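J.: Dropping the structure in here first, questions after.
The values are calculated or read from the model by the stated rules, or taken from the named source; none is laboratory data. These figures come from a predicted structure and were not determined experimentally. Methodologically, a virtual Cβ is constructed for each residue, glycine included, from the backbone with ideal geometry; neighbour enumeration extends over all protein chains shown. For accessibility, only protein heavy atoms count, side chains too; no ligands or nucleic acids. Shrake-Rupley method; radii C 1.70, N 1.55, O 1.52, S 1.80 Å.
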Amino acid sequence: QVQLVESGGGSAQPGGSLRLSCLASGSTFSIHTLGWYRQAPEKQRELVAIITSRDITTYAESMRGRFTISRDKIKRTLYLQMDGLKPEDTAVYFCNARGQGNEYWGQGTQVTVSS
């Protein structure tokens, strides 16, 4: 089992920045891909960015150039640096981990972008 706990959500103004963190615990040796997803009200959950065990990153088109995914393997922490925030980035952001046929989710952290 893997447990994921997100933190760092909150409110920001358009053009502002936030950094999300996701602390992983448990059987983290089994994880090969970590990622961030988000879900806005009345919308489906969508990919934000993923990073593999070899640090290969993939971003959703609308986030590329504004968001940066990274990981600290020693701290077992996944990060999402969000710059140039837009009101449409408002959503609950979820941390995701996959490996050995299993998938795990965090509880989510709210990000609200408004003036």
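J.: When you scan the stretch 2-9, do you find a residue that is outside any helix (DSSP H, G or I), of a type outside the set (G, A, S) and touching a Leu at 6+ places or on another chain (Cβ under 7 Å), even just one?
T.: Looking through the stretch 2-9, at least one residue is outside any helix (DSSP H, G or I), of a type outside the set (G, A, S) and touching a Leu at 6+ places or on another chain (Cβ under 7 Å).
J.: Check whether at least one residue in the stretch 75-91 is out of contact with any Phe, Trp or Tyr (no Cβ under 7 Å at 6 or more places or on another chain), under 19 Å from T112 (Cβ atoms), open to solvent by less than 50 Å² (accessible area, probe 1.4 Å) and outside any loop (DSSP other than H, G, I, E, B), and report yes or no.
T.: Yes, because at least one residue in the stretch 75-91 is out of contact with any Phe, Trp or Tyr (no Cβ under 7 Å at 6 or more places or on another chain), under 19 Å from T112 (Cβ atoms), open to solvent by less than 50 Å² (accessible area, probe 1.4 Å) and outside any loop (DSSP other than H, G, I, E, B).
J.: I've got another one for you. Would the stretch 46-65 turn up any residue that is among the basic types (K, R) and touching a Gly at 6+ places or on another chain (Cβ under 8 Å)?
T.: Within the stretch 46-65, the subset among the basic types (K, R) is 54, 64.
With the extra rule that they be touching a Gly at 6+ places or on another chain (Cβ under 8 Å), the set shrinks to none.
No - not one qualifying residue is present in the stretch 46-65.
J.: Here is a follow-up. Among R66, R38, which is the only one that is closer than 19 Å to V5 by Cα and touching a helix residue (DSSP H, G or I) at 6+ places or on another chain (Cβ under 9 Å)?
T.: R38
J.: Follow-up question, since we're still on this one. Give the stretch 10-26 a look and list any residue that's among the small types (G, A, S), open to solvent by 20 Å² or more (accessible area, probe 1.4 Å) and assigned to a strand (DSSP E or B), or say none.
T.: Result: G10, S11, S21, S25, G26.
J.: So, one more: Return a yes/no flag: does the stretch 27-50 have any residue that is modelled with pLDDT under 95, farther than 30 Å from S115 by Cβ, outside any loop (DSSP other than H, G, I, E, B) and open to solvent by 50 Å² or more (accessible area, probe 1.4 Å).
T.: yes
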